[in-house]
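The numbers here are math on the coordinates, done by the rules we state, and not lab data. Because the structure is predicted, anything quoted here is derived from the model rather than measured. Heads up, the Cβs are rebuilt from the backbone with ideal geometry, glycines too, and the neighbour counts pull from every protein chain shown.
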Amino acid sequence: MMLAATLLPATLRAQRWQMQYFYDKGKSTFNITDLQFLSDKRGIAVGFISDGRRQDPTSVVTSDGGAHWQTVALKELPISLFFLNESLGWMVTNHGLWQTAEAGKSWLKLPKLPAEVDRVYFLDEKRGWGIGGKKTVVQTVDGGHVWTKLAVAEEPPGNPLYSAYNWIAFATPLDGIITGFNLPPRLWGPDHPGWLDPQATLDQRDTPHLNYSLVTHDGGKTWHANSASLFGESTRIRFAKSGMGLGLVEYSQMFRYPSEAYKLEWKTNKSETVYRDTKFSVTDIWLTGDGTSYLTGTLSQGKLRSVIPGKVQVLTSKDFGASGWAEMPVDYRAVATRTLLSGADNQDLWMATDNGMILKLVATKTEQ
């Protein structure tokens, strides 16, 4: 499936992605690691400001829909965010878990979180789960003060040292999924990045490896483990209460396609590829309540896709690409290696780049 050049419907032609915030100070950069919008007014982006020598944990928050942003210093490097409502949220850092009751304007550190956890998800103020490396899945019933292991997470085959759970989502308060993978070590791991020897990286060939899923249909009381040998890793799943979902698989540098989006009927567990292209690296997806899908990422600048920042692109469809994917207008200054999406409802959608830009989907003048 190639990049779509379809004509945008009238409702989508009247929208564009406009820059609302950009960190542009001297020789430093703001590396955004996560973005959450809690309502049409309140939002937060977290990451760190780097000048090549040090990393200063930082967040920016808005309470007026992006018209103004307040910089809030953090004490630890943030990894991910989860917000239950407009005020209450949690932040996983490199050294633990923090909670806010003020939409990110202040944070309180909670008792020790297992070191491997890098993402949390809460169904309510008390019940939640944490996921991460070494096949780690933990659960809490007191808002994150005490955590216990979920034994079923250790059932899938594969060495825990090279295994991780990386995403959790619930379609309803009862139906949820946790995804993960087992990826045996290769010659060029984190200590030997691809840019150090590009040709050696390109000479490698991708191979299938185990992908994990844990599924619940009773609100997390019980989970069922599954595993399958597949290419790539499932990195995102977004659900709509209608019974449909949108998923994202990202592949290694050696695979023909950088990524693949798929439609998921979570009630029947059927899936179908809806988009992939050799030139477009999709790094995040969004599915609104009315069934509108968004794919965001960057145009590849070469075979080593994650090395050189590319132009940010957003595609959208009302029918999971059945009638094609349409490109949306994006601020020409938006370049990145990765992008993030967040939204409070069908109308208020936001996007962040990993180099310090935050954009909002805004209305433009309707064509006559």
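Some points to look at:
- In sequence order, segment 207-216 has phi-based couplings of 10, x, 8, 6, 10, 10, 8, 10, 10, 10 Hz under the Karplus curve 6.51 cos²θ - 1.76 cosθ + 1.60, θ = phi - 60°, and Gly or Pro positions carry x.
- In order along segment 318-328, the phi-based Karplus estimate (6.51 cos²θ - 1.76 cosθ + 1.60, θ = phi - 60°) of 3J(HN,Hα) comes to 8, 9, 6, x, 4, 10, x, 10, 10, 7, 9 Hz; Gly and Pro are listed as x.
- Residues whose amide H lies under 5 Å from that of Leu349, counting only those 5 or more places away or on a different chain, are Leu361; hydrogens are built 1.01 Å from N in the peptide plane.
- Amide hydrogen neighbours beyond the local backbone of Phe280, cut-off 5 Å, H modeled: Ser300
- In order along segment 112-117, phi translates into HN-Hα couplings of 3, 8, x, 4, 7, 6 Hz, rounded to whole numbers, per the Karplus curve 6.51 cos²θ - 1.76 cosθ + 1.60 with θ = phi - 60° and x for Gly and Pro.
- Segment 313-364 shape via C-alpha gyration tensor axes, a/c threshold 1.5: prolate
- Scoring 115-125, 64-74 by mean Cβ neighbours within 10 Å over their residues and listing the highest first yields 115-125, 64-74.
- Between Ser227 and Leu84, the simple spin-label model (points 7 angstrom out along Cα→Cβ) gives 3.4 nm.
- Cα shape, segment 1-141, gyration tensor, a/c 1.5 rule: prolate
- The chain: C-alpha gyration tensor shape, a/c 1.5 cut-off, then a/b vs b/c: rounded
- Which listed pairs, of Lys75/Lys360; Lys241/Lys318; Lys126/Lys270; Lys267/Lys318; Lys112/Lys149; Lys241/Lys263, have C-alpha distances above 22 Å, in listed order: Lys75/Lys360; Lys126/Lys270
- Set of aspartates and glutamates near Lys25 by C-alpha distance (under 12 Å), chain-local residues within fewer than 8 positions excluded: Asp51
- Within straight-line cross-link reach of Lys279, lysines at Cα separation under 18 Å, skipping those fewer than 8 residues along the same chain: Lys303, Lys311
- Sequence-distant residues sharing a close amide H with Arg42 (under 5 Å, placed H): Gly65
- Mean Cβ neighbour count within 10 Å, used as a protection proxy, ranking 151-162, 255-266 highest first: 255-266, 151-162
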